[in-house]
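Structure record follows, encoded as structure tokens.
The values are calculated or read from the model by the stated rules, or taken from the named source; none is laboratory data. None of these values were measured; they are calculated from a predicted model. As a convention, Cβ positions derive from the backbone with ideal geometry for all residues, glycine included, and neighbour counts pool all protein chains shown. These accessible areas exclude ligands, DNA and RNA; they are computed on the full protein's heavy atoms, side chains included. Shrake-Rupley method; radii C 1.70, N 1.55, O 1.52, S 1.80 Å.
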Amino acid sequence: MMELSVWEQGEQIGTVTAQQDGLFYIFICKISKHAEQLRRIYVISKWRVEYLGIPYPRREGAELQACIPVSHFPDGLTAAAAAAMPRGAWLPWCGEADGVPIRNGLLKQLEDGYALALLPEEAQQLPQWLPQAAEQELMGRARLVFRLDAAGCMPSIEMTENGGSTDEAQNFSDPFAGSVPSDAAPGDGDGRPGDGDPLEGRQADRPDI
């Protein structure tokens, strides 16, 4: 059995335990802080973000159970995150970027890699990459967006003769500008068949197998 901390806006609010049962992971999420808030829970496998559902309020805290195929997590289980925002192109993400722990990131999959949006305080931990970042407002806050390759790596940096550095993407422009996409999912549930999403008023969905 594996236990992961659930991070929401840089704060640890609960845990997710995962136990493998044949070809599936059985997830149990327990939220202990701000449990009255409706939020979506995600489990992260390196650069892949998998949706679990919405915790159901209990007498003490909030809980969620979900069953997802192990094949959906090719790089194992690396982190768990929560967010009240609708599901869309940008999803909550936490993990390591260039060896630096990130607790409040947003991740967007691109055709040839990923876009990672960080708050300024976390982006400062990656000073050598700051010249490549594009500023964008996401979820009501200014963030710095970094473009990663398909392996989740930052573009390489070439050293100059005078000891400085110049990256291969000096003309990096912001390809992510524009409004944040609306929730394109058909509906979200709390992990129990037949229940509607209290955030969207739609019928519950289930992870694809």
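Of note:
- Residue within the stretch 181-194 that is of a type in the set (S, T, N, Q), in a loop (DSSP other than H, G, I, E, B), at pLDDT below 90 and over 21 Å from V43 (Cβ atoms) present: yes
- Restricting the first member to the stretch 140-168 and to residues that are modelled with pLDDT under 50, and the second to residues that are part of a loop (DSSP other than H, G, I, E, B) and open to solvent by less than 70 Å² (accessible area, probe 1.4 Å), the beta-carbon pairs closer than 9 Å and six or more apart or on different chains are T166/T160; D167/M154; D167/P155; D167/S156; E168/P155; E168/S156.
- Residue match in the stretch 102-119 (condition: within 17 Å of the chain's Cα centre (by Cα), over 18 Å from V49 (Cβ atoms) and either among the β-branched types (V, I, T) or modelled with pLDDT under 95 (or both)): no
- Test: residue in the stretch 10-17 that is part of a loop (DSSP other than H, G, I, E, B), surrounded by 15 or more Cβ atoms within 10 Å (Cβ to Cβ) and modelled with pLDDT of 95 or more: no
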